[in-house]
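Report on the structure given below.
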Amino acid sequence: MGLHLFLKKSKIYGLENIPKNKPVLFLPNHQNALVDALLIGTNCTRKPYFLTRSDVFVNPILKRLFYSFKMIPVYRMRDGRDSLKNNEAVFNTCANLLCTNEAVLMFPEANHSLVRRVRPLSKGFTRVLFAALEKKPKLDIYIVPVGVNYKEAIHFPDKAAIYYGKPIQLKDWYNKEDLPSSISKIKNTVSVRLKLLTIHIDEEEDYEHIISKLETEKINFLNPDEANQRVGALLQEKSLDVEKKYKKNSLNLLRGLFNLLNLPVIILWKKLIKPKVPEAEFIGTFRFVFGLLIYPLYYGLLLFFIGFFGDWYSALALVGIIFMYNYIYVKLG
């Protein structure tokens, strides 16, 4: 419900590619922090376990809550070199889950970025797969690459499109006698599939020019096939003439009325919450969680104060009107 109220539109493609009653490892690209995981977790036909950065498990209460949501801490180099040894137990846990036909979700890029590019993949996910096969050599494991796409992830309201790729049967790529070659082939196969399921602009030097050109031409960023074809065409050109990008006036009537009706919430967001967002990639996540927590309180307080100083029927009607306006504003973008 929260995602429905948060996003203007979200489209899901390829659900038929998700194997049933088989162990599945979902491998999505990673752009928008928690929102990526929520979109997949609430829309796929399985109920996956999620590997999650370990630093969010520091609070004992949140730790228990996260575990109840099937979240498993995974350790990175930035958590300290000594902490990496904990991943052996984490990967073993994931292997056991696959051995019981569960689904697991890992972000193989091992980091997030708003840049529209599939980054080099970590070999951590192959360790999970191989550990499962060591426990059950005949286990029929499937890898499902997932392309997560946003129109403009840091803006509100936004659109999203999720593409589930064709499943990759692990046994076709696994050679116990040559693990380094198996790792390389599996990583390359997943990377190639991801680059078809999301927008991939490999050229760092021309990245901003290409993005500007795509935006000027109003390319649909939710359609990776269309966008990637245009990226390829632009890379073939000798020069990229970038047209000036004109931003829409954010102070139009609809936006102004939205700001007025939600003024206390917007002030809290801009003055208290947004300045504390550590990275641009977390803006969508912080905005989503903030809205999910604050709006029930905001509507409740409006109802109480309007009803207390006026009458309850008018209060209910006004709060209902504000809710409906907010909903329509989000859906119209």
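The values are calculated or read from the model by the stated rules, or taken from the named source; none is laboratory data. Predicted model only: the values in this text are computed from it and were never measured. Quick reminder, even Gly has a Cβ in these numbers, built from the backbone with ideal geometry, and neighbours come from all protein chains shown. The accessibility values were calculated without ligands, DNA or RNA, using every heavy atom of the protein model including side chains. Shrake-Rupley method; radii C 1.70, N 1.55, O 1.52, S 1.80 Å.
Filter the stretch 5-25 for residues that are modelled with pLDDT of 95 or more and assigned to a helix (DSSP H, G or I); which is nearest to GLY284 (Cα to Cα)?
LEU15
Being touching a Phe, Trp or Tyr at 6+ places or on another chain (Cβ under 7 Å) and either closer than 21 Å to ALA280 by Cα or among the acidic types (Asp, Glu) (or both) is the filter here; which residues of the stretch 116-149 pass it?
Within the stretch 116-149, GLY147, ASN149 qualify.
Considering only the stretch 91-194, give the strands (runs of 3 or more DSSP E) lying wholly within it that have at least 1 residues that are surrounded by 15 or more Cβ atoms within 10 Å (Cβ to Cβ) and of a type in the set (S, T, N, Q).
Result: 142-150.
Name the residue that is modelled with the lowest pLDDT, counting only residues in the stretch 56-77 that are of a type in the set (A, V, I, L, M) and part of a helix (DSSP H, G or I).
MET77
Among the residues of the stretch 130-145, which ones are at pLDDT 95 or above and in contact with a Ser or Thr (Cβ under 9 Å, 6 or more places away or on another chain)?
Within the stretch 130-145, ILE143, PRO145 meet the criteria.
If I ask for residues that are open to solvent by 90 Å² or more (accessible area, probe 1.4 Å) and over 25 Å from LYS8 (Cα atoms), which ones from the stretch 288-310 would you list?
If the condition is that a residue be open to solvent by 90 Å² or more (accessible area, probe 1.4 Å) and over 25 Å from LYS8 (Cα atoms), then PHE304, PHE305, PHE308, PHE309 are the ones that fit.
Does at least one position in the stretch 326-333 carry a residue that is touching a residue at least 60 places away in the same chain (Cβ under 8 Å) and outside any helix (DSSP H, G or I)?
The answer is yes; a qualifying residue exists.
So for the stretch 3-24 (the condition being open to solvent by less than 20 Å² (accessible area, probe 1.4 Å) and of a type in the set (D, E, K, R)), does at least one residue qualify?
no
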